[in-house]
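What follows is a short report on a single structure.
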Amino acid sequence: KMFVSWIGPTPRVNIMEPEMIRDILSNKFGHFAKIKVNPLVGMLAKGVADYQGEKWVKHRRIINPAFHQEKLKLMLPAFYACCSELVEKWEKLLLSKESCEVDVWPYLQNLTADVISRTAFGSSYEEGRRIFELQTEQAMLVMEASRSIYIPGFRFVPTKRNRRMKEIFREVKAREEVFEVFGTKKADFEGLNHLKVLTMILNEVLRLYPPVLMLTRVTYKPIQLGNIRLPPDVVLDMPILLVQHDRELWGEDAEEFNPERFSEGVSKATKNQVSFFPFSWGPRICIGQNFAMVEAKMALVMILQKFSFELSPTYTHSPSTVLILQPQHGAPLILHKL
């Protein structure tokens, strides 16, 4: 599981031992740096996820209060409004029929964009929607750029792709529990926190299909990590997907969808090891983790209150990566109104 590979002149070490991952992301947090990426990738987004050192500390401190639990409670009306629009669209599709096929993937993508747009932009959320549309296009351009060799200064050459990237850069599953907790009433913050089964399902989905497949860090000085001594300028790969599918850590059913493994919480499921980290770990854990989970719970509650669904025969299972893991051919479901 631990091996060395090379990308050009740069050595990379694959790390899958939970204690080493804990050291890299938490215990020895300040001893590793974020890897420098192709400069064109930086045109997708600049922010707290990319900053290092004092700049990261300052920006994280500024942003933290926005994601406090009390602030999330105030965002619930926006979450509800966005989810209501989604439900209304699906209800219209079912007006004159008992069931219909719907590719839910673009609807869920738009929901995420809409929620963030409304909470971040307030009444000007149409502007936020436009930014998300541009970011989706930019992600495709960034993936294309990241697969190519970067020549210093190339991002300043006015190629068609570079011009478009600059333009964009400038402009930017649990129903019984739901009815038991809410019935047909509007979901509230406290109720969402009591959805144990839904949380188990979301955790299991995040274990099998983490949004980000791998975390990377780089050494900038000699350092001891477990029983190995690393020189400077070694890239450390922590493959989230492989760790979260590891049979030694998760048992022989590691490839199976089994939300029950989270019935007693994440700590019990992982035996207090860093073997489940879909939002990263340690000081740099994703600042939007709670925001994302509340949004997902709200959406699922409102969908489960109104619809039942089954996988469409046209569904093709093909997870692919465009910065984040997503279904290459969409997620068509057969939708039934309850």
Legend entry - Segment Thr112-His68, length gained on full extension (0.36 nm per residue, minus Cα span): 13.9 nm
Legend entry - Amide proton proximity set for Asp103, modelled H, under 5 Å, gap of 5+: Leu333
Legend entry - Cα-only Debye scattering, the stretch 273-338: base-10 log of I(q)/I(0) at q = 0.23 Å⁻¹: -1.09
Inset, instruction - Can you figure out the FRET efficiency of Ile228 with Ile285, using R₀ = 41 Å and their beta-carbon distance, to the nearest 0.05? - result: 0.95
Inset, instruction - Choose one of Ser263, Ala299, Pro283: the residue whose Cα lies farthest towards the positive end of the charge dipole of the stretch 260-320 (beta-carbon charges +1 Lys, Arg; -1 Asp, Glu; about the Cα centre). - result: Pro283
Inset, instruction - Mind checking which lysines have their Cα closer than 19 Å to the Cα of Lys34? Skip sequence neighbours fewer than 8 apart in that chain. - result: Lys46, Lys55, Lys58, Lys221
Legend entry - Inter-label distance, nm, simple model (7 Å from Cα along the C-beta direction), Ile7/Glu19: 2.9
Inset, instruction - Might you work out the accessible area of Ile116 for me, using a 1.4 Å probe with all protein chains in place, and round it to the nearest 10 Å²? - result: 60
Legend entry - All-pairs Cα distance distribution in the stretch 193-295, expressed in whole percent, bin size 5 Å: 2, 11, 19, 23, 18, 12, 8, 5, 2, 0
Inset, instruction - Kindly report the accessible area of the stretch 177-316 per residue (heavy atoms of protein chains, probe 1.4 Å, no ligands, DNA or RNA), in Å². - result: 47
Legend entry - Point-to-point label distance, Glu176-Val205, nm (Cα→Cβ direction, 7 Å offset): 2.0
Inset, instruction - Please work out how much length the chain gains when fully extended from Ser84 to Asn27, using 0.36 nm per residue of separation minus the C-alpha to C-alpha distance, in nm with one decimal. - result: 16.2 nm
Legend entry - 10 Å beta-carbon shell around Ser312, net charge (K/R +1, D/E -1): -3
Inset, instruction - Would you check the accessible area of Met16, probe 1.4 Å, heavy atoms only, in square angstrom rounded to 10? - result: 20
Inset, instruction - Calculate the spin-label point distance for Lys92 paired with His194, positioning each point 7 Å from the Cα along the beta-carbon direction, and give it in nanometres. - result: 3.5
Inset, instruction - Mind checking the full-extension length gain between Ser320 and Glu260? Use 0.36 nm per residue of separation minus the Cα-Cα distance, one decimal, nm. - result: 19.0 nm
Legend entry - Solvent-accessible surface ranking, highest first, for His329, His31, His194 at 1.4 angstrom: His194, His329, His31
Inset, instruction - Compute the label zone of Ser99 within the stretch 300-328: residues whose backbone N is under 16 Å from the point 7 Å along Cα-to-Cβ. - result: 307-315
Legend entry - Simple Cβ-charge dipole of the stretch 181-314, Lys/Arg +1 and Asp/Glu -1, about Cα centre, in debye nearest 20: 500
Inset, instruction - Distance check, please: which entries in Lys28/Lys268; Lys89/Lys196; Lys73/Lys271; Lys92/Lys297; Lys97/Lys337; Lys92/Lys337 exceed 21 angstrom between their Cα atoms? - result: Lys28/Lys268; Lys89/Lys196; Lys73/Lys271; Lys92/Lys297
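The values are calculated or read from the model by the stated rules, or taken from the named source; none is laboratory data. The shown structure was predicted, so the numbers you read here are calculated from the model rather than taken from an experiment. No Cβ is skipped: glycine too gets one built from the backbone with ideal geometry, and neighbour counts run over all protein chains shown. What goes into the accessible areas is simple: the full protein's heavy atoms, side chains included, and nothing from ligands, DNA or RNA. Shrake-Rupley method; radii C 1.70, N 1.55, O 1.52, S 1.80 Å.
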